[in-house]
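What follows is a set of notes on a single structure, which appears directly below.
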Amino acid sequence: MLEAMEEHVLIGGKKFFDGDEINMVDIAFCMVAHWLGAIEDAAGLKVFEPHKFPRVSSWIQNFKSVPVIKDNLPDTDKIVAHLKRLKEMLLTSKSN
């Protein structure tokens, strides 16, 4: 998915998928912009490497800097804590 995004994002100097304003495609990929990092932190693994996906990395920065997005993203620390609790619950239930 990251490779496909890298091929299609910021083409022609655009800030977002379809120009200089966010649209539904950008919102659909919000998971990559915000949740992927939290999932990586909770799982203790690295999936997204900015140097491998420089256009996606720039898009993430652009997307998260839009005031309406920045002001409404959930707190990353709370997401990570929640995901870690879920992981522990799943691991505990598997061992029973």
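Observations
- Tabulated pairs, region 65-80, first touching a residue at least 24 places away in the same chain (Cβ under 8 Å) and under 11 Å from Ala42 (Cα atoms), second aliphatic (A, V, I, L, M) and open to solvent by less than 80 Å² (accessible area, probe 1.4 Å), C-beta under 6 angstrom, 6+ apart or interchain: Thr76/Ala38; Ile79/Ala38; Val80/Ala38; Val80/Ala42
- Long-range neighbours under 6 Å by Cβ, at least six apart or interchain, first residue more than 17 Å from Leu73 (Cα to Cα) and among the basic types (Lys, Arg) within region 35-60, second modelled with pLDDT under 90 and part of a helix (DSSP H, G or I): Arg55/Glu6
The values are calculated or read from the model by the stated rules, or taken from the named source; none is laboratory data. The model shown is predicted, which means the values in this text are computed figures rather than measured ones. Every residue, glycine among them, receives a Cβ derived from its backbone with ideal geometry; neighbour counts consider all protein chains shown. SASA here: full protein model, heavy atoms, side chains in, ligands and nucleic acids out. Shrake-Rupley method; radii C 1.70, N 1.55, O 1.52, S 1.80 Å.
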